[in-house]
Amino acid sequence: MKNQNGKIQFIPLVVNLLITVSIGLAGGLLTVSSVRTWYPGLAKPAFNPPNWLFGPIWSVLFIAIGIAAYRIWIKREQIAHFPRTIAIYAIQLILNLCWSYLFFYHHLIGAALFEIVALLIAILVNGLIFYKIDKIAGLIFIPYFLWVSFAALLTYNIYILNSF
């Protein structure tokens, strides 16, 4: 996480974390009322984790991918297509937020299921691009990809169990 001089660039680190965590917080704000009202009434598969587990896992993941983004930021001058690299990062963050909007805010489980597939593709592409630039930044995306894969499986099962 250090630049070529061996020092952590505090402001870019904080900015990358704030941007990424803010998206996570926005998603949390979209979910908070439905988690208490709508979500408990849904039929869920036996492997559905307890609600309290989602917040800590998402918090760790958003901090981790914010750190990955910082690792890319400090190498930006070495990246031929830096704007494209940032664009795919922004796209996957927006898709992450959109899932919460579709699933929890509008209760569109089917649309959220299609959207989460797009999110998984974006995460995979983002992780691979980051890996080519900074191996650690790319590897950080593995737990994120795995968790969203689990969320996709959960979304699919909730969709099936609640289709009338």
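Could you list, in sequence order, the residues of the stretch 131-164 that are farther than 20 Å from residue 109 by Cα, in contact (Cβ under 8 Å) with a residue 40 or more places away in the chain and in a helix (DSSP H, G or I)?
Once the filter is applied, which keeps residues that are farther than 20 Å from residue 109 by Cα, in contact (Cβ under 8 Å) with a residue 40 or more places away in the chain and in a helix (DSSP H, G or I), the stretch 131-164 yields 133, 136, 137, 138, 141, 143, 144.
What number of residues within the stretch 30-76 are closer than 18 Å to residue 147 by Cα and among the hydroxyl-bearing types (Ser, Thr, Tyr)?
To start, the set of residues in the stretch 30-76 that are closer than 18 Å to residue 147 by Cα comprises 31, 44-68.
Filter once more, so that each one left must be among the hydroxyl-bearing types (Ser, Thr, Tyr): 31, 59.
Number of matching residues: 2.
Can you run down the residue pairs with Cβ atoms below 6 Å, 6 or more apart or on separate chains, where the first is in the stretch 37-58 and farther than 25 Å from residue 164 by Cβ and the partner is surrounded by 10 or more Cβ atoms within 10 Å (Cβ to Cβ)?
Close Cβ pairs (under 6 Å, with a partner that is surrounded by 10 or more Cβ atoms within 10 Å (Cβ to Cβ)) amount to 58/24.
Could you please find all residues in the stretch 64-90 being more than 15 Å from the chain's Cα centre (by Cα) and of a type in the set (Phe, Trp, Tyr)?
Of all residues in the stretch 64-90, those more than 15 Å from the chain's Cα centre (by Cα) come to 70-85.
Matches in the stretch 64-90: 70, 73, 82.
From (1) buried (at least 21 other Cβ atoms within 10 Å of the Cβ); (2) within 20 Å of residue 140 (Cβ to Cβ), pick out the condition that doesn't hold for residue 121.
Of everything listed in (1) buried (at least 21 other Cβ atoms within 10 Å of the Cβ); (2) within 20 Å of residue 140 (Cβ to Cβ), residue 121 misses just condition (1).
Can you report the number of residues in the stretch 91-102 which are in contact (Cβ under 8 Å) with a residue 60 or more places away in the chain and over 13 Å from the mean Cα position of the chain (by Cα)?
Of the residues in the stretch 91-102, 1 are in contact (Cβ under 8 Å) with a residue 60 or more places away in the chain and over 13 Å from the mean Cα position of the chain (by Cα).
Does residue 114 fit the bill of being aromatic (Phe, Trp, Tyr) and under 22 Å from residue 13 (Cβ atoms)? Can you show your working first?
Values: aromatic (Phe, Trp, Tyr): yes; under 22 Å from residue 13 (Cβ atoms): no.
Against the criterion (aromatic (Phe, Trp, Tyr) and under 22 Å from residue 13 (Cβ atoms)), residue 114 does not qualify.
Values quoted throughout were computed directly from the atomic coordinates according to the rules given, and no laboratory measurement underlies them. Keep in mind that what you see is a predicted model, and the values were worked out from it rather than measured. When we count neighbours, we look across all protein chains shown, and the Cβ atoms used for this are built from the backbone with ideal geometry, even at glycine.
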